[in-house]
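These notes are about the structure you will find just below.
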Amino acid sequence: MKSLCILGLGYVGLPTASLFATAGLKVTGVDTSPHVVRSLKDGFVHIEEAGLNTVVTAALASGNLVVEARPVEADAFIICVPTPVRADHTMDDGAIRSAAESLISVLKPGNLVVLESTVSPGTTRNFLIPILEKSGLKAGENLHVAYCPERVLPGHVLRELIQNDRIIGATDETSGRITRELYSKVVEGNIAVTDSTTAELSKLMENTYRDVNIALANEFSEICNHLGADAREVFRLANRHPRVKILSPGPGVGGHCIPVDPWFLVEACPDLCRLIRTAREVNDGRPAQVVQRLRQIVGNPPGRKISLLGLTYKPDVDDVRDSPAIHVMELLKQAEYGLGLYDPHVKRSPFELHGLIPALESTDCIVILTDHSEFKFLDPRQIASVVRSKHVLDTRGSLDASRWAAEGFTVHRF
């Protein structure tokens, strides 16, 4: 297998394309966004991710990676497009449909098509394959199809694409063997082969497990707040038990996976997902609880300013997709609070960002919504000279409260 076409050059597709290109394959990266295609052709990497700029630049310079707006003929195709959830909590399959339909005219006998996007169980066999077979090819005969979900942590994507174990959900034995051979070119972790539905469920259950445990931590945190206890101290002591690992509470869950994937299980088995549905509701309700807490600290508008530090859903990345910080911002805007917004990692956004000091000037409360590394080094003495009221709501537990208290701040935990 010498040539590869990757559809979707986002947070997973672009790193994947660059790794295969540096492994020696001829890779065509495809994206429907003119901005993405134009930026990459000009040598500009549109994603902030550790090490990615170096790898993509090298892949482009070598000629092994080229970027186009439409798929071209290749030995294998990998689909890495988004699968958001609709307002009714069902999977939006529009991007997968468009990607699959764009392949119909370029598929040839012996091709491999791999779906990496997180999907509802049964999507590969019942949705993707029927579209691909409109090419005249037959899955399991002269067309090979598999599902291989990504498992990456933003900020460490390249390392995890290489080192993490992978699951291949094959639709037949030959497809499994060919897909394993392809991914073995870049993956150092173990590669397990199973059927496509089992692989789809495995990915969904990985993220649902995390969502449920985060919801438990968030609910425990509310119990502690109600009873006047420091939740993080309670968790620290409880976690001394060798079989207990309570996660850290926060302002909610964000990103393209954890807030989305559990709904695909609910869609598939609505009567069997009571706990999963409740966990989603708990985590989705956290931004409103942040706003309620802020009302208690600073009072109601008008004439109140709140400064939000950190708008991404994870530390030290530029990804604001479904970030709870964005939901907090929107709720505060609706309530007509004055806002100062600062995030050192977000360069392009639809909302107005400020520098650190302008964001903090004359504020009534500072809110830490993302635990970026930079925030640990904020100078409370300097900040004390520009704020109106010395209140900090630390939703991530990332600040040294005693250091801030020494400068007259009240640090509120969440």
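The values are calculated or read from the model by the stated rules, or taken from the named source; none is laboratory data. Note that this is a predicted model, so its numbers are computed, not measured. Here Cβ is always computed from backbone atoms with ideal geometry, including for glycine, and neighbour counts include all displayed protein chains.
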Residue satisfying condition, being touching a Phe, Trp or Tyr at 6+ places or on another chain (Cβ under 8 Å), within 18 Å of Ser202 (Cβ to Cβ) and either of a type outside the set (D, E, K, R) or crowded, with 18+ Cβ neighbours inside 10 Å (or both), within set Gly169, Gly176: Gly169
Check on Val114, β-branched (Val, Ile, Thr), at negative phi and in a strand (DSSP E or B): yes
Some residue of segment 126-133 being in a helix (DSSP H, G or I), touching a Lys or Arg at 6+ places or on another chain (Cβ under 9 Å) and β-branched (Val, Ile, Thr): yes
Conditions (1) modelled with pLDDT of 95 or more; (2) within 22 Å of the chain's Cα centre (by Cα): number failed by Trp404: (2)
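Let's see how each residue does on (1) assigned to a helix (DSSP H, G or I); (2) in contact with a helix residue (DSSP H, G or I) (Cβ under 7 Å, 6 or more places away or on another chain):
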| residue | (1), (2) |
| --- | --- |
| His46 | no, yes |
| Glu49 | no, yes |
| Asn53 | yes, no |
| Glu73 | no, no |
| Phe77 | no, yes |
Criterion violated by Leu309 - all others in (1) buried (at least 21 other Cβ atoms within 10 Å of the Cβ); (2) among the aliphatic types (A, V, I, L, M); (3) more than 26 Å from Arg280 (Cβ to Cβ); (4) free of Cβ contacts under 8 Å to residues at least 40 places away in the same chain satisfied: (4)
Of all residues in segment 362-387 being among the charged types (D, E, K, R) and out of contact with any strand residue (DSSP E or B) (no Cβ under 7 Å at 6 or more places or on another chain), the one that is nearest to Gln292 (Cα to Cα): Asp371
Residue match in segment 343-360 (condition: of a type in the set (S, T, N, Q) and at pLDDT 95 or above): no
Qualifying residue in segment 301-320 (condition: within 18 Å of the chain's Cα centre (by Cα), closer than 19 Å to Leu201 by Cβ and not polar (S, T, N, Q)): no
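Here are Pro315, Pro324: which of them is in contact with a His (Cβ under 6 Å, 6 or more places away or on another chain) and either modelled with pLDDT of 95 or more or not acidic (Asp, Glu) (or both)?
Being in contact with a His (Cβ under 6 Å, 6 or more places away or on another chain) and either modelled with pLDDT of 95 or more or not acidic (Asp, Glu) (or both) holds for just one of Pro315, Pro324, which is Pro315.
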Test: residue in segment 275-294 that is surrounded by fewer than 20 Cβ atoms within 10 Å (Cβ to Cβ), in contact with a Phe, Trp or Tyr (Cβ under 7 Å, 6 or more places away or on another chain), touching a residue at least 60 places away in the same chain (Cβ under 8 Å) and not β-branched (Val, Ile, Thr): yes
Residues of segment 210-238 classified as surrounded by fewer than 14 Cβ atoms within 10 Å (Cβ to Cβ), under 18 Å from Asn283 (Cα atoms) and at pLDDT 95 or above, total: 1
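Per-residue answers, yes or no, for (1) free of Cβ contacts under 8 Å to residues at least 40 places away in the same chain; (2) within 23 Å of Val12 (Cα to Cα):
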| position | (1), (2) |
| --- | --- |
| Met91 | no, yes |
| Ser102 | no, yes |
| Ser105 | yes, no |
| Gly110 | yes, no |
| Ser135 | yes, no |
| Lys138 | yes, no |
| Glu141 | yes, no |
| Glu160 | yes, yes |
| Gln163 | yes, yes |
Residues satisfying the stated conditions in segment 109-125, i.e. under 14 Å from Ala139 (Cβ atoms) and of a type in the set (D, E, K, R): Arg125
Matching option when the condition is closer than 27 Å to Ser105 by Cβ, hydroxyl-bearing (Ser, Thr, Tyr) and surrounded by fewer than 15 Cβ atoms within 10 Å (Cβ to Cβ), among Ser18, Ser33, Ser62, Ser39: Ser33
